[in-house]
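Below is one structure, written out as structure tokens; comments come after it.
The values are calculated or read from the model by the stated rules, or taken from the named source; none is laboratory data. Just so it is clear, the model here is predicted, and its values are computed rather than measured. All Cβ positions, glycine included, derive from the backbone under ideal geometry; neighbour counts span all protein chains shown. SASA here: full protein model, heavy atoms, side chains in, ligands and nucleic acids out. Shrake-Rupley method; radii C 1.70, N 1.55, O 1.52, S 1.80 Å.
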Amino acid sequence: MESFLIKGGVPLHGELTVSGSKNAALPIMAAALLADEPCVIRRVPHLSDTRFMAQILESLGAEVKFQNGALTVRAKKISGYADYELVRKMRGSICIAGPLLGRLKQARISLPGGCVIGARPINLHLKGFASLGAKIKIEGGYVDASAKKLTGATMFLGGRAGSTVLGTANVMMAATLADGVTVIESAACEPEIVDLAKFLTAMGAKISGAGSPTVTITGVGKLHGAEHEVIPDRIETATFAIAAAATNGEVTLKGARPEHLRAALDKLNETGVLVRQRGADLIVRRGKKLRAVDVTTLPYSGFPTDVQAQMTALLALAPGISIITERIFESRFMHVSELARLGADIEIEGPSAIVKGGRPLSGAPVMASDLRASAALVIAGLAAKGTTQVNRIYHLDRGYEKMDLKLRKLGARIQRVEENS
Ligand code: EPZ
């Protein structure tokens, strides 16, 4: 297993181009199952998660090719069965259910199982499918959804924490090939949903209202192949912006699309970080002094839960008390005990982390637990004095394309090493 060895204390400087969005690419790759013609998807990031999705599409019978920076998926003849061995590797694979149900009127998929950041049930996905007329059966760890035909319906898809991103994506995809009109109320408004709707529309789907809480899909008989370029990764953008601020550096993020992460940029501003937009680029540098702030994670366009851990690492450096409240996932503070190993002073109180910031951090060996928690440990290691070893970085490789190379390009002293070397 690999680790990152980080010698901290170097301000990051320079520019880098943001990769394509993992969370847009995954449902868009799955959406290619809706047509039997080739779909060409550009700017799909090279990550273990997109590789897993490609393997899952191939296991269903699709042809998948990565060539010249583009991914081509041809789902000429496919089956509706995805087994546990593949699905358990990546929760996001649940988003093949909608396309399979839409096209084949039948999907048998292993239930995704637990996750360190929360229970993450799929009851809203299944509620949406049932509203379209599908029969749902859960047996032996598999969910079976089938229907003679799907019929458009109006449904409310809000849950305990508000809207569901992949739930909205799944129902939207199934509804593209249903008879009649489907209206999703309390739909997720994330930019990834808008990007998926754009791709589906290019395939011939009829969708309006994507990006708002009410999405309307008018079913069509058949979809065709299409071409699409995935949006830039707003979570990667926020991660590097926070790394620049934490190391007191200055970084230009090229092709970032700042309009996709206003809440995070606004909070950075409040923290005393200077954020400037130049066209689609973002220039980030720390101002005179970091300030403590309160943060609450919310569905889009609120502060993204996928930036909470990285923000916690930054606020460990800001003198004063910051309160960070996680409203989306029940247990998304795995990074806190590891940040404490670097000297951070953080206490968990119910859904909140109370950060007593301003203590200098010092390097230590730490353990990654999930994708965004590991990004927080890298940021803290870059800001800390001495050497930090972040173990189990396979978590990072799931969602960050060549993170160590990009950081080295910005001047960081970071190396990828074998865990016990
Ligand atoms: C997507 O997950 C992202 N993953 C997550 O990013 C992100 O954290 C999350 O949206 C929220 O923004 C991908 O896009 C691949 P949800 P998703 O359904 O769709 C509850 C990362 O770091 N819920 O919007 O699975 C759920 O438990 C990952 O890149 C139900 O109760 O998340 C959670 O508390 C991590 N029932 C809340 O809703 C359901 O049927 C939001 O989950 C579905 C969800």
| task | Would you mind getting the accessible area per residue of the range 364-417, heavy atoms of the protein chains only, 1.4 Å probe, in Å²? | result | 34 Å²
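If packing is taken as the average number of other Cβ atoms within 10 Å across a peptide's residues, how do 111-121, 152-162 rank, most packed first?
Numbers: 111-121: 14.5, 152-162: 16.7.
Top of the packing list down: 152-162, 111-121.
Sort 235-245, 302-312 by packing, meaning the average of other beta carbons within 10 Å per residue, with the highest value first.
235-245, 302-312
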| task | List the relative contact order of the range 127-233 as a percent without decimals, with contacts defined as Cα pairs under 8 Å and 6+ residues apart. | result | 23 percent
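Using the beta-carbon distance between residue 229 and residue 137 and R0 = 35 Å, what value does 1/(1 + (r/R0)^6) give for FRET efficiency, to the nearest 0.05?
Details: r = 38 Å, r/R0 = 1.10.
The pair residue 229/residue 137 has a calculated efficiency of 0.35.
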| message | At 222 nm, what value in deg cm²/dmol follows for the chain if DSSP H runs of at least 4 each add -39500 (n - 2.57) and the sum is divided by all its residues, to the nearest 500? | response | -8500 deg cm²/dmol
| Relative to the first principal axis of the alpha-carbon coordinates of the chain, what is the inclination of helix 165-175, with its axis defined by its Cα atoms, in degrees from 0 to 90 and to the nearest 10? | 20 degrees
| query | If you average the sequence gap of Cα pairs under 8 Å that are 6 or more apart and divide by the length of the chain, what percent do you get for the contact order? | reply | 21 percent
| remark: About its Cα centre, the range 314-412 carries a charge dipole, from +1 on Lys and Arg Cβ atoms and -1 on Asp and Glu Cβ atoms, whose size in debye to the nearest 20 is 400 debye
| task | Using Cα positions and a limit of under 17 Å, work out the lysines in reach of residue 198, with same-chain residues fewer than 8 apart set aside. | result | 22, 206, 222
| For the range 323-402, what does the alpha-carbon gyration tensor say about shape, rounded, prolate or oblate, given a ≥ b ≥ c as the root eigenvalues, a/c under 1.5 as rounded, and a/b over b/c as prolate? | oblate
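Residue 387 to residue 149: extension gain in nm, 0.36 nm per residue of separation minus the Cα-Cα distance? Let's see the in-between values first.
Numbers: separation 238, 0.36 × 238 = 85.68 nm, distance 5.95 nm.
Contour length minus the Cα-Cα distance gives 79.7 nm.
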| Where labels lie 7 Å past Cα in the beta-carbon direction, separation of residue 214 and residue 289 in nm | 4.9 nm
| message | Quick check: pseudo-label points 7 Å beyond the Cα along Cα→Cβ at residue 262 and residue 17, how many nm apart are they? | response | 2.8 nm
| message | Let's test this: bin the Cα-Cα distances of the chain at 10 Å from zero up to the farthest pair and state each bin's percent. | response | 5, 23, 31, 24, 13, 4, 0
| field | Protection-proxy order for peptides 276-282, 220-226, 101-107, each taking the mean of Cβ atoms within 10 Å per residue, highest first | value | 101-107, 220-226, 276-282
| query | Assigning unit charges at the beta carbon (Lys, Arg +1; Asp, Glu -1) and nothing else, what dipole magnitude in debye, to the nearest 20, does the range 104-160 show about its Cα centre? | reply | 160 debye
| said: Can you compute the FRET efficiency between residue 156 and residue 362 using 1/(1 + (r/R0)^6), with r the Cβ-Cβ distance and R0 = 56 Å? Round to the nearest 0.05. | reply: 0.65
| note | Among the range 18-38, those whose backbone N falls under 20 Å of a label point 7 Å along Cα→Cβ from residue 76 are 30-38
| message | Taking R0 as 22 Å, what FRET efficiency do you get between residue 269 and residue 325 from their Cβ-Cβ distance, rounded to the nearest 0.05? | response | 0.70
| remark: For residue 88 and residue 415, extending 7 Å from Cα along the Cα-Cβ vector and measuring point to point gives, in nm, a value of 3.6 nm
| note | With +1 at each Lys and Arg Cβ and -1 at each Asp and Glu Cβ, the charge dipole magnitude of the chain around its Cα centre, to the nearest 20 debye, comes out at 380 debye
| note | Everything considered on the Cα gyration tensor (a ≥ b ≥ c; rounded for a/c under 1.5, else prolate if a/b is larger than b/c, else oblate), the range 267-413 must be described as rounded
| Expressed in nm to one decimal, what extension gain is obtained for the pair residue 254 and residue 46 from 0.36 nm per residue of sequence separation less their Cα-Cα distance? | 73.1 nm
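Which shape class, rounded, prolate or oblate, goes with the range 295-340 when its Cα gyration tensor gives a ≥ b ≥ c as root eigenvalues, a/c under 1.5 marks rounded, and past that a/b bigger than b/c marks prolate?
Oblate is the answer for the range 295-340, as a/c is 1.5 or above yet b/c matches or exceeds a/b.
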| field | Carbon and sulfur %, accessible surface of the chain computed with the full protein complex present, 1.4 Å | value | 52 percent
| query | Taking Cα atoms, how many degrees apart are the long axis of helix 371-383 and the longest axis of the chain, rounded to 10 and kept between 0 and 90? | reply | 20 degrees
| said: If I stretch the segment between residue 278 and residue 345 completely, what's the gain in nm (0.36 nm per residue apart, minus their alpha carbon distance), one decimal? | reply: 20.5 nm
| field | Folded to 0 to 90 degrees: helix 48-59 orientation relative to the chain principal axis, Cα | value | 20 degrees
| Along the charge dipole of the chain, Cβ charges K/R +1 and D/E -1, which of 39, 86, 102 sits furthest on the positive end? | 39
